[in-house]
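Q: Sharing a structure here in C-alpha cells format.
The values are calculated or read from the model by the stated rules, or taken from the named source; none is laboratory data. All figures in this text were calculated on a predicted structure; none of them were measured in a lab. Heads up, the Cβs are rebuilt from the backbone with ideal geometry, glycines too, and the neighbour counts pull from every protein chain shown. Calculation scope for accessible area: heavy atoms of the full protein, side chains included, ligands and nucleic acids excluded. Shrake-Rupley method; radii C 1.70, N 1.55, O 1.52, S 1.80 Å.
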Amino acid sequence: MMQQGGFLNGLASTLASSVREGHSPGDQLLDLLPVAVYTTDTEGIIMQYNRAAAVLWGREPVIGQEVWCGSFKILQTDGNELPLDTCPMAVCLKEQRPVNGEEIIVVRPDGSARHVAPHPQPIFDATGRMTGAINMLVDITDLKRTELALRESEAQYRSLAVSLEKQVVTKMEELEKSEERYHKMIEEVEDYAIILLSKEGIIQNWNKGAQKIKGYKEKEIVGKSFEEFYLPDDRQRGLPLQLLRQATEQGKAVHEGWRRRKDGSAFWGSIVLTALHDDQNKVIAFSKVTRDLTERKLAEDQLKAYLAQLEFQNKELEAFVYAASHDMKEPLRKIRTYNGYIAENTAHQLDPKSREYLNRAVKAAERMQQILEDLLVYAITTLNAEGHHEVDLHEIIQEIAFFHAEELEQKNIRLETGKLMPLRAVPFQVKQLLFNLINNSIKYKHPARDGVIKIESKVVKGYAIKGEEADPHKAYYKLQVTDNGIGFDPRFSQKIFELFQRLDNLVEAKGTGIGLAICKKIVQHHKGFIQATGIPGEGASFTIYLPQD
C-alpha cells in the first residue's frame with residue numbers, strides 16, 4: 001500500500017504539473033497504465049480517464065460534465081448500497097487527503113458487478129492549493145473469485161478430512177467386529193478343520209471342525225507338529241514336509257489321502273495348505289483346511305469295484321455271444337444245406353403249400369445266419385480291439401467297393417470320395433465301421449434314382465462339435481458318409497443305433513438291425529461320437545468324430 005501511495009503521489013505531482021502547464025496527460029501517460037485511473041476537479045467532475053477505467057465502468061463518461069460516481073451504483077461487500085459521501089473518493093475530496101479505501105463493489109450499467117480496491121489521492125498545485133484528485137481502481141474480481149474458491153476448497157477439504165476421519169473410525173470399528181466374527185466363524189465351523197500352522201508346521205490354533213474330524217481337543221494338540229495326522233508310511237517318506245515346501249514355493253498345496261485320528265482310525269482327508277506372507281512377501285505361516293471325504297472315497301471305491309465287475313461280466317457275455325454264435329453256425333449251415341437240397345431237387349414231389357413252407361424255412365435260415373454273422377462282428381469288435389495305427393481310408397474304401405462291385409453296378413450306385421486324410425485308429429474296427437455305413441446306404445437306396453454315396457473327412461477342434469461333450473482343446477477326425485437314399489425320420493436319429501432297430505420296414509431293405517449298433521460300439525470304443533441326420537425321401541448322413549491324440 002505504501003508503494004502504491006508513493007507511486008500515486010509521484011503520479012499526482014506529474015499530472016498536476018502537466019495540468020498547470022496546459023499539457024494533456026491522458027494520451028501520454030494514463031493509457032499506458034494497466035489499471036483503471038481517472039482524475040477529477042475539486043467538485044468531483046471527471047477530467048481525465050484511461051481505457052482501463054472505461055472497461056472497468058462498462059461505459060465512457062463525458063469529460064468535464066460527469067461527476068466521478070456518474071450513474072454507477074456502489075455497494076459494500078455485504079451487498080448493501082454504500083452512501084456516496086462515505087465513498088473513498090468523496091472522503092479524499094472532502095478531507096484533502098489520500099484514502100486507502102477498503103474493497104467496494106461497482107455495479108455497471110449492464111448489471112454486472114466488479115470488486116474494486118480504490119486508492120484516491122488529492123492533487124495540489126505549486127501554491128499548495130488542491131486542484132482535484134486522482135484515483136486508481138484496482139479490479140480484484142478475479143482475485144476475489146480465487147479467494148472464494150480457495151476458501152470453498154479449504155472448507156471442502158476440512159469437511160472431507162472430518163468425514164474421512166469418521167469413516168476411518170467406523171471402518172476400524174467394523175474391522176474389529178468383522179475380525180471378531182471371522183474368528184468366531186472359524187471356531188464354530190464343524191465340517192472343516194481350519195488350523196493355523198507356523199512356518200515350521202507347528203499347530204497354532206484349533207477349531208470345532210478340527211476336533212470333530214481329528215478327535216483331539218485344543219489343549220492336546222496346539223504346539224505339536226501337524227505331522228501327527230499322517231500315517232507312518234507318509235511320515236517316513238516325508239509327505240508332510242513335501243507339502244510345506246510345495247506351499248512355500250507355489251503358494252498352495254492340495255492333496256488327498258488317508259489321515260489318522262487320535263483314536264488311531266483312518267479317514268480320507270482332502271487338504272488345502274496355503275502359505276501366508278508378510279509385507280515383504282516372506283512366508284510367515286500356513287493355513288490348513290481339511291475336509292473329511294471318507295464317505296465319498298468309499299463310494300468311489302465301491303463304484304470302481306462295480307465297474308470292474310461289470311466290465312468283467314460284459315467281456316464274459318461278449319465271449320459267450322461270440323462262442324454261441326460261432327457254435328450255432330455249424331448246425332444252422334446243415335439246416336440250410338438240407339433245406340436247400342430238398343427245395344432245389346425237382347425230383348421231390350411237394351404240394352404247393354409244403355414248398356411254400358420249405359422256401360420260408362430256407363429264407364429264415366438265411367436270415368438267422370446273417371444275424372449270427374452280425375452278432376459275431378458285434379462281439380469281436382471288443383474282443384479283437386488291437387492297438388491304434390495309422391489307417392489309409394482310400395485302401396479300405398477300394399476294398400469295400402471291390403466287395404460290392406456287382407451290387408453297385410446293378411443298382412447304379414457310385415462312390416464319391418474326396419481327399420481322405422489318414423487317421424489313427426484300430427484298423428479292423430475302422431474297416432468294419434465304413435463297411436457297415438456303406439452297406440447301409442446300399443440297402444436303403446432310393447428306388448426312383450441312381451444312388452450316390454459321398455465319403456469326406458477333415459480335422460476339427462472339439463469346440464466346433466455341437467451336441468456332444470467334446471474336449472474343446474482336442475483335435476477330432478471328422479468322417480462323414482452321406483447318401484441320397486430313402487432317408488429316415490429325424491425323430492429316430494438315436495434309436496437307429498440300438499440293437500435290432502432298422503431304418504425302415506421296406507421289404508427290399510434286408511437288414512438285421514445290428515449294423516449301426518456295431519458302428520456306435522466302434523466309435524464309443526475310440527471315445528468318439530456318431531451322429532445321424534436324415535430327411536425322408538431325400539437321404540441320410542452319418543458323421544463320426546474320433547479324437548486324435
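Q: Please turn the phi angles of the range 482-494 into ³J(HN,Hα) values with the Karplus equation 6.51 cos²θ - 1.76 cosθ + 1.60 (θ = phi - 60°), one per residue in order, whole Hz, x for glycine and proline.
A: For the range 482-494, the Karplus curve yields 10, 9, 10, x, 6, x, 7, 5, x, 4, 9, 5, 9 Hz.
Q: Taking 0.36 nm per residue of sequence separation and subtracting the Cα-Cα distance, how much length would be gained by fully extending the chain between residue 242 and residue 403, in nm to one decimal? Mind dumping the intermediate values first?
A: Working: separation 161, 0.36 × 161 = 57.96 nm, distance 6.32 nm.
Going from the current span to full extension adds 51.6 nm.
Q: Could you pull out the pairs from 478/521; 304/527; 419/527; 224/288; 443/478 whose alpha carbons sit more than 21 Å apart here? Could you put the intermediate results ahead of the total?
A: On the way: 478/521 17 Å; 304/527 19 Å; 419/527 24 Å; 224/288 14 Å; 443/478 24 Å.
Pairs exceeding the cut-off: 419/527; 443/478.
Q: Separation between the residue 261 and residue 474 pseudo-spin-labels, each 7 Å from Cα along Cα→Cβ, expressed in nm?
A: Here the modelled spin labels are 4.0 nm apart.
Q: Apply the Karplus parameterisation 6.51 cos²θ - 1.76 cosθ + 1.60, with θ equal to phi minus 60°, to every residue of the range 299-305 and state each ³J(HN,Hα) to the nearest whole Hz, in sequence, with x for glycine and proline.
A: Whole-Hz 3J(HN,Hα) from phi for the range 299-305: 5, 5, 4, 5, 5, 4, 5.
Q: List the residues of the range 266-303 whose backbone N lies under 18 Å from a point placed 7 Å from the Cα of residue 212 along the Cα-to-Cβ direction.
A: Answer for this model: 267-272, 288-297.
Q: Once you place label points 7 Å from the Cα toward the Cβ at residue 280 and residue 81, how far apart are they in nm?
A: Each label point lies 7 Å from its Cα, and together they span 7.7 nm.
Q: Which distance in nm do the two modelled labels at residue 155 and residue 102 give, with both placed 7 Å along the Cα-to-Cβ direction?
A: 2.0 nm
Q: A follow-up question, please. Calculate, in nm to one decimal, what residue 165 and residue 489 gain on full extension: separation in residues at 0.36 nm each, minus their alpha carbon distance.
A: This chain segment gains 109.1 nm when fully extended.
Q: Share of the range 201-267's accessible area from carbon and sulfur, percent, 1.4 Å?
A: For the range 201-267, the apolar C and S fraction of the accessible surface comes to 45 percent.
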